[in-house]
Amino acid sequence: MSHQNDDSETTNDTVRNVNSIPKTNRLVKAKTYKQGWNNDLLALSKFVKEQVFYVVVHDFKNDSDDPLDVNNGAICQHLYLKKFPSKVTNIHMKRATREEMTVYLKDLWSTALNTKGKGNIRRELSSEKSAVYAAINEAFRKLVLNCIDRKIPVPAYETFFSKKKLPRRYFIFFDVFYQAGRHNKQLWKVVTELNKGDNLIPYGSCIFEAHVMTTIQENYYKWLFLLLSDVDEVKEEYFEEQFKMEYEYCDTEANKLPMELIDYHAANNRMTQDVEIYFDENEQDKCRLLKVTAGDDRESIRDTERGELEMLVEEVREKHQHMMELMKGKIRNVRAIKNDPRANGMTDEDVKKLVSVEKKKLIQFRTNDNCVPPESKKRRTSNDHRSRCSDLKVQFFQSAKEMLDREEEEGLITSWERVYKDILNNHMVEQIELEPVMGEPSKMLTEFNKVVDLEEIMAQAGKENRVNQNELQASSYVAL
């Protein structure tokens with residue numbers, strides 16, 4: 001009991017001391033209080049990975065556009081300085097003025113920006129980017145294995161990106177790849193189920209969705225090669241007889257796309273077959289441009305979407321023929337070597353090196369056509385915020401981002417997320433869980449209001465519940 005009193009007195013003394021600190025000394029006290037300073041650095045590291053990454057994704061390409069600059073960077077000025085003060089726990093900053101808090105936050109940011117090793121902001125961003133890449137890769141691997149198992153052709157990646165014309169196919173992109181990229185199941189669950197989906201909390205930002213699109217297109221053939229060249233993962237007969245791609249089919253009676261595609265495959269699409277999504281051209285409410293129907297018009301919607309899908313595949317298939325044959329040749333070569341490495345005089349290490357070289361030749365957005373692998377990445381010695389992205393990748397990313405910006409202005413993204421939440425709450429198949437490079441920083445400012453903070457969502461939900469309970473109690477008193 002005496003220990004509890006001592007602890008209480010110590011806490012009260014600390015609070016009194018903090019309140020009596022002159023403003024001129026407050027910053028010195030805060031920065032020299034190691035526990036408070038280090039805790040805020042840890043909170044900043046979490047903030048960078050959970051929020052900053054999803055509105056910046058890439059470092060900027062031009063020297064003058066570093067978004068992480070402490071004085072002029074868009075991230076620091078328009079996101080960090082506005083969002084992070086509520087996460088500061090240093091007891092010496094409890095009564096800080098706005099000016100003092102700004103100085104403290106900038107010192108904290110500069111420390112994290114220049115520190116070496118764990119906690120470095122650029123390192124945390126790179127770490128999160130690697131985690132996102134790995135999550136999308138794993139989702140892609142499972143999707144392809146499911147397709148092979150059911151003898152369904154692997155989807156053309158171009159068919160994943162249209163909410164308006166191919167909503168059922170886009171549902172797979174959003175539910176499988178975009179959700180995997182966010183790799184935060186708790187956040188996804190809360191945003192989906194809060195008020196049974198009747199909320200306007202976004203799942204992410206346009207810049208992050210553009211990043212997911214870019215990642216899929218860039219690594220599509222590389223990921224297929226790595227999976228299919230693994231003789232332990234995919235047996236010979238499965239590769240030769242059951243692996244097909246939508247690009248292999250054409251608009252002829254003899255070689256048409258099969259009737260069964262991934263769109264109605266329960267292992268890859270959680271949306272039930274009892275409903276369809278369609279775009280209502282006559283709708284005036286921007287939040288309801290996309291709608292869900294379970295009526296008699298479903299067959300017509302399916303036929304229309306199937307026609308759009310076949311037309312798109314036919315439009316892009318020709319440019320994929322060379323890459324498909326190249327990939328399959330490399331897969332057969334590597335599989336033959338792995339099945340009998342001694343016959344080729346190769347060690348396991350030699351095989352690993354061969355796979356490493358061959359996979360680089362299948363990366364999209366290369367700047368040449370002779371299949372020369374990209375140059376090895378070099379350690380940065382200066383201007384370490386500059387991107388290594390090729391111009392083709394930058395152009396695709398920029399184009400995807402601009403397309404999504406237009407969709408957001410039109411209300412299509414808000415409408416899509418409303419429909420998606422409705423489907424997951426009311427029309428979902430019960431399923432076993434399966435194992436910015438931009439020209440101007442100002443273009444990124446529209447993304448900052450889409451940062452999703454799980455702690456804020458939960459706090460707001462708790463606040464609303466308390467208000468409702470108080471209103472209920474007040475009404476009961478009135479009744480009495």
**Message:** Condition check: more than 30 Å from Ala294 (Cβ to Cβ) and not small (Gly, Ala, Ser). Does Glu209 satisfy that?
**Reply:** no
**Prompt:** Which residues, counting only those in the range 68-113, are touching a helix residue (DSSP H, G or I) at 6+ places or on another chain (Cβ under 9 Å), within 15 Å of Lys31 (Cβ to Cβ) and polar (S, T, N, Q)?
**Reply:** Thr89, Asn90, Thr102, Thr111
**Item:** 3 or more residues of a type outside the set (S, T, N, Q) and open to solvent by 10 Å² or more (accessible area, probe 1.4 Å): qualifying helices (runs of 4 or more DSSP H) within the range 161-213
**Value:** 185-193
**Item:** Output for the range 271-289, where each listed residue is part of a loop (DSSP other than H, G, I, E, B) and either open to solvent by 50 Å² or more (accessible area, probe 1.4 Å) or within 12 Å of Ser415 (Cα to Cα) (or both)
**Value:** Gln273, Asp274, Asp280, Glu281, Asn282, Glu283, Gln284, Asp285, Leu289
**Where a residue in the range 110-129 is in a helix (DSSP H, G or I) and its partner, wherever it lies, is small (Gly, Ala, Ser), with Cβ under 8 Å and at least six apart** = Ala112/Ser45; Ala112/Gly119; Ile121/Ala112; Arg123/Gly117; Glu124/Ser45
**Asked** Taking the range 219-245 on its own, how many of its residues are in a helix (DSSP H, G or I) and either modelled with pLDDT under 95 or among the hydrophobic types (A, V, I, L, M, F, W, C) (or both)?
**Response** 13
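Yes/no per residue for (1) more than 27 Å from Cys206 (Cβ to Cβ); (2) open to solvent by less than 20 Å² (accessible area, probe 1.4 Å); (3) touching a Cys at 6+ places or on another chain (Cβ under 7 Å):
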{"residue": "Ala30", "(1), (2), (3)": "yes, yes, no"}
{"residue": "Gln35", "(1), (2), (3)": "yes, no, no"}
{"residue": "Leu44", "(1), (2), (3)": "no, yes, no"}
{"residue": "Phe47", "(1), (2), (3)": "no, yes, no"}
{"residue": "Ile91", "(1), (2), (3)": "yes, no, no"}
{"residue": "Met101", "(1), (2), (3)": "yes, no, no"}
{"residue": "Leu108", "(1), (2), (3)": "yes, yes, no"}
{"residue": "Asn114", "(1), (2), (3)": "yes, no, no"}
{"residue": "Arg123", "(1), (2), (3)": "no, no, no"}
**Item:** Filter result (charged (D, E, K, R) and farther than 30 Å from Asp251 by Cα) within the range 313-371
**Value:** Arg335, Lys338, Asp340, Arg342, Asp348, Glu349, Asp350, Lys352, Lys353, Glu358, Lys359, Lys360
**Asked** Which pairs do you get when a residue that is under 10 Å from Lys106 (Cβ atoms), found in the range 65-84, comes within reach of a residue that is open to solvent by 10 Å² or more (accessible area, probe 1.4 Å), reach meaning Cβ atoms under 7 angstrom, with the pair 6+ apart or on two chains?
**Response** Val70/Lys106; Val70/Ser110; Val70/Leu113; Cys76/Asp69; Cys76/Val70; Leu81/Thr102
**Asked** Among the residues of the range 298-314, is any small (Gly, Ala, Ser) and either open to solvent by 50 Å² or more (accessible area, probe 1.4 Å) or modelled with pLDDT of 90 or more (or both)?
**Response** yes
**Prompt:** Can you tell me which residue in the range 332-375 is modelled with the lowest pLDDT, limited to those that are among the charged types (D, E, K, R) and part of a loop (DSSP other than H, G, I, E, B)?
**Reply:** Asp369
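The values are calculated or read from the model by the stated rules, or taken from the named source; none is laboratory data. On a predicted model such as this, the values are computed, not experimentally measured, just so you know. Counting neighbours? That spans all protein chains shown, and the Cβs are built from the backbone with ideal geometry, glycine included. Accessible surface areas use protein heavy atoms only, side chains included; no ligands, DNA or RNA. Shrake-Rupley method; radii C 1.70, N 1.55, O 1.52, S 1.80 Å.
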